[in-house]
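Values in this text are rule-based calculations from the coordinates and carry no lab data. As the structure is a prediction and not an experimental result, all values here were calculated from the model. Cβ: placed from backbone, ideal geometry, glycine included. Neighbour counts: every protein chain shown.
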Amino acid sequence: MTVSLTLTVGLAVLIGLSLGLLGGGGSIFAVPLLVYVASLPAKEAIATSLLVVGVTSVIGVLPHARAGRIRWRTGLLFGAAGMVGAYVGGRLAAFVPEAVLLTGFAVMMLATATAMIRGRRGASGPTVPRELPVRRVLLYGVVVGLVTGIVGAGGGFLVVPALALLGGLPMSVAAGTSLVVIAMKSFAGLAGFLSSVSIDWGLAAAVTTAAVAGSLAGARLAGRVPEVVLRRTFGGFVVVAGVFMLVQQVPGDGRVKILVAALAGALAAGALLVAGRRRGPAGTTEPVRRASPNHQADG
């Protein structure tokens, strides 16, 4: 148990690093870590991940705020809408079997990996961010909040693209603003879970402390590491973890699991290869986008 706890706390730093650098992905690391390393039941792991990610996001907001990388009006509005969806999702999760929750989470991980490696359109685009339309913010906030509550995903990997695509925020500003949204939705989702799930507060405190340390380090590195390196490294790791989680939910002997793993891996690799080719070689995204005059508005 001591070795398991030590390993869990040590790996929890990755949760914070992901949040600090990318503005999302904390729950992608937290749920598998708590389920497969700390040996928590799925629903307790999801509830604990919401607590860890919520607290870590609050602390992670501070360095981004000092650096002027947060769009407060957009973040608070998005977060308020997301809290409604997250609370409802957390209550609904009590009626969903654990295997379904973990399978849904694994699928979300693979979708995340594809999105991260593919990148966001116009990531090199407008330097002057604009506020998102209110109705669209509310709609996206509720939808992302439902995902947060049901499968325990903080939603940063959905929030950041929405802020970048719809609001025209630079990656660093979208990541900082996303932390505001994630914190609000995570606590709302946790409130929904606490009606039916108990938490090991000692373990949660230890994991949160490690994640906060990672978040502060990640925020200091934000902007210094090339975005394409961050995205593709993160995406590759998530593919492996997502396939692993998906295989664990498949009934049958080892041969069936190997077959499912190979199939899932091949599909994920194919999707990522196609996405990568559409984006062009690493590091060439910006020139490719600038070659088209249609993407120079507000630039």
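Structure data summary
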read-out	value
Gly82 vs. criteria surrounded by 22 or more Cβ atoms within 10 Å (Cβ to Cβ) and not polar (S, T, N, Q)	yes
Residue match in segment 70-85 (condition: without any contact (Cβ under 8 Å) to a residue 60 or more places away in the chain and of a type in the set (S, T, N, Q))	no
Test: residue in segment 216-232 that is outside any loop (DSSP other than H, G, I, E, B) and out of contact with any helix residue (DSSP H, G or I) (no Cβ under 8 Å at 6 or more places or on another chain)	yes
Helices (runs of 4 or more DSSP H) wholly inside segment 1-82 that include at least 1 residues being among the acidic types (Asp, Glu), farther than 14 Å from Ala210 by Cα and out of contact with any helix residue (DSSP H, G or I) (no Cβ under 6 Å at 6 or more places or on another chain)	42-66
